[in-house]
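Trainee: Pasting a structure here, questions to come.
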Amino acid sequence: MSTPMTNLPDPIYDTAYYEGVLPKRFFAWVIDAALIFTAMILLSIFTAGIAFVLWIPVHAILAFLYRWITIKNRSATFGMRVMNIELRNRAGHQLTEKEAALHTLVFLVGAMILLVQIISVAMMIGRPLNRGLADEITGAVMLNRPS
């Protein structure tokens, strides 16, 4: 079955798609953050410290490009792929380029503002589909990848 008005798996009847997604999201975030941090260090070394001096804007651009490109191509970042989860839109399909860009933008803005991040995490914890703020705005849902 699917949820009303969408082609997404129903969280009541198709629970396997949603089981354990919340901790997987956290570990995927840790993996992605480590990858972006490593890339920033390497970029700082290769630019003779320029990227280090401009850490905040360079980090924001790198983080946006990393998330947007990986999500638009396979509906999951590398961390999400390792954790076997992916984002799906309202129709149950992979996110489009525009949906991936919007999701990434909202995610990164939320990551920069502590109150917004707290609200987003609370939304993930307190709702049946584990949807954060970026998910709600784009209509995305994080699912276990079908086997």
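The values are calculated or read from the model by the stated rules, or taken from the named source; none is laboratory data. Bear in mind the structure is a predicted one, so any value in this text is a computation, not a measurement. Neighbour counts are summed over all protein chains in view; Cβ atoms, including those assigned to glycine, are modelled from backbone coordinates with ideal geometry. Areas reflect the complete protein model, heavy atoms only, side chains present, ligands, DNA and RNA absent. Shrake-Rupley method; radii C 1.70, N 1.55, O 1.52, S 1.80 Å.
Trainee: Could you give the angle, 0 to 90 degrees to the nearest 10, between helix 21-46's Cα long axis and the longest principal axis of the Cα atoms of the chain?
Mentor: Once rounded, the angle reads 20 degrees.
Trainee: With angles folded into 0 to 90 degrees, how steeply does helix 97-112 sit against the dominant principal axis of the chain? Use alpha carbons for both and round to 10.
Mentor: Result, in degrees: 70.
Trainee: Whole-Hz Karplus ³J(HN,Hα) for segment 50-59, in order, using 6.51 cos²θ - 1.76 cosθ + 1.60 and θ = phi - 60°, x for Gly and Pro?
Mentor: Values per residue, Gly and Pro as x: 4, 5, 5, 5, 9, 3, 5, x, 5, 4 Hz.
Trainee: What translational D, rounded to a whole number of µm²/s, comes out for the chain from Stokes-Einstein when the hydrodynamic radius is the Kirkwood one over Cα pairs, at 37 °C and 0.692 mPa s?
Mentor: Working: Rh = 15.8 Å.
D, rounded to a whole number, is 207 µm²/s.
Trainee: Let me ask another. About the Cα centre of the chain, what is the dipole size in debye to 20, counting +1 per Lys and Arg Cβ and -1 per Asp and Glu Cβ, all else neutral?
Mentor: Once rounded to the nearest 20, the dipole reads 140 debye.
Trainee: Taking all protein chains as present, what is the carbon and sulfur share of the accessible area of the chain, in % to the nearest whole number, probe 1.4 Å? Could you put the intermediate results ahead of the total?
Mentor: Details: 6180 of 8470 Å².
Roughly 73 percent, rounded to a whole number.
Trainee: With a 1.4 Å probe and all protein chains left in place, how much accessible area per residue does the chain have, in Å²? Display every interim value, and only then the final one.
Mentor: Working: 8470 Å² over 147 residues.
Dividing the accessible area of the chain by its residue count gives 58 Å².
Trainee: How much mean residue ellipticity at 222 nm does the chain get from its helices, if each DSSP H run of length 4 or more adds -39500 (n - 2.57) and you divide by all residues, to the nearest 500 deg cm²/dmol?
Mentor: -19500 deg cm²/dmol
Trainee: Could I ask something else about it? In vacuum, with every alpha carbon of segment 32-112 counted as one equal point scatterer, what does the Debye formula give for log10 I(q)/I(0) at q = 0.21 Å⁻¹? Two decimals, please.
Mentor: -0.94
Trainee: What trypsin sites (Lys or Arg not before Pro) does segment 46-102 have in DSSP loop regions with at most 15 other beta carbons within 10 Å? Mind dumping the intermediate values first?
Mentor: Working: sites: ARG67, LYS72, ARG74, ARG81, ARG88, ARG90, LYS98; in loops: ARG90.
Passing both the DSSP loop test and the Cβ count: ARG90.
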